[in-house]
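Below is one structure, written out as structure tokens, with a few remarks after it.
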Amino acid sequence: MTRAKGKSGVWTQSRHLKRPSVRVFGTVVLSGALVGVLLWLAPPAQVINSIDDMSPVWLLAAVGLEIGSCLSYVVVFRHFFPEPPRPVSRQVAWIAMGAGAVLPGGNFSSAATTGWLLRNHGIGAGRLVERCGALLCFLTLLGFFLNAIAGALLLVGIGHGPHDLEHSGIPILVSLFVIGSALAAMTIAHRPQTRAPAAARSVAASLHGAWETLLNPHWRMLGAAGFLCMDMAALWAVCRATGHPVGVLALGVAYFVGYLATMIPMPAGLGVLDSGLAGALVLYGFSPAASVGAVLVYHAISVWIPGLGGLVAWLPTRGRPSEDAAAAPPAVEPVSR
């Protein structure tokens, strides 16, 4: 980076040099705090013993369920993006899953990766952004809907777990607030007299696309339920591997509560997902040591399977940009006068 002349140029350079240091420092502090949360929940020796005593059969079941979750995503992905050939659609879906698993932002990184990879498949920039957002909104709102259902069943006394208003009612209210806010935003933004910013209109268009998908059911929409439910079942299987009982509904609510922590952008959700999920499991009655051990193992499975699948899908695409550039017509240079 060259230094600009004058005091203002020097100040600008020093400001840009300080920003990465602040971000790195903040990341280190946050990571240390999250590790402290895990250590506070359970001593490391107890966590290691819990992992050592896990049943290999249930761990294999968790791996199989996570693979099923990834395949379900491929199914629903094809419903939102039918234009590319099937091999390309499957490839992009796996790469997007891998990006969501290892990059900060989770599903947001997955949506951005999808838009980047499908930009040359004749969908159109506006429609592509809308569909990426629609898939993201559909999966997010479906998760909050399932969270509300699990909380409602717990509240009426069904299943094992806490049935009080604090543990069951609050997740219901949060889910209803999010879903209601999405419907309100979609309705307000589509009024003719509303002058909303471009970003708000884009979000409203994505919400409208998710709503249209719900109103026009297709068998591929089952992939969205499979994507979420099988991933949740993988966590349940790892919890069963510890030998400690856990209620399905309580685990479902804890799953969605814990995943709210991933809104903090961290690569692969390191520390964020672990502390969020482990804390939520303890909150809903699971053993502290078993919670931390189960979450660490589940997190490894939920990162490595889509991550490796995305890597395998991405490797054949490495030479394509250069090939596309070679096949593109040469740019016409402007004639100087």
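The values are calculated or read from the model by the stated rules, or taken from the named source; none is laboratory data. A quick note: this is a predicted structure, and the numbers were derived from the prediction, not measured. Backbone-built Cβ (ideal geometry, glycine too); neighbour counts: all protein chains shown.
For the reader, a short list of remarks on this structure follows.
Conditions tested, residue by residue: (1) in contact (Cβ under 8 Å) with a residue 60 or more places away in the chain; (2) surrounded by fewer than 17 Cβ atoms within 10 Å (Cβ to Cβ); (3) more than 27 Å from Val57 (Cβ to Cβ); (4) touching a helix residue (DSSP H, G or I) at 6+ places or on another chain (Cβ under 8 Å).
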| site | (1), (2), (3), (4) |
| --- | --- |
| Ala199 | no, yes, yes, no |
| Ser202 | yes, yes, yes, yes |
| Val282 | yes, no, no, yes |
| Ala289 | yes, no, no, yes |
| Leu296 | yes, no, no, yes |
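- Helices (runs of 4 or more DSSP H) fully within the range 1-115 counting 3 or more residues that are of a type outside the set (Gly, Ala, Ser), at pLDDT 95 or above and under 17 Å from Val297 (Cα atoms): 56-80
For (1) more than 19 Å from Cys70 (Cα to Cα); (2) touching a residue at least 40 places away in the same chain (Cβ under 8 Å); (3) under 13 Å from the mean Cα position of the chain (by Cα), each residue gets a yes or a no:
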position	(1), (2), (3)
Gly223	no, yes, no
Met230	no, yes, no
Leu235	no, yes, no
Cys239	yes, yes, no
Pro245	yes, yes, no
Leu249	yes, yes, no
Ala254	yes, no, no
Ser275	yes, yes, no
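- Qualifying residue in the range 74-91 (condition: farther than 27 Å from Ser175 by Cβ, among the hydrophobic types (A, V, I, L, M, F, W, C) and touching an Asp or Glu at 6+ places or on another chain (Cβ under 8 Å)): no
- For Leu277: the one exception among (1) modelled with pLDDT under 75; (2) in contact with a helix residue (DSSP H, G or I) (Cβ under 6 Å, 6 or more places away or on another chain): (1)
- Ile264 meets each of the listed conditions (1) over 20 Å from Gly105 (Cβ atoms); (2) surrounded by fewer than 23 Cβ atoms within 10 Å (Cβ to Cβ); (3) β-branched (Val, Ile, Thr) apart from (1).
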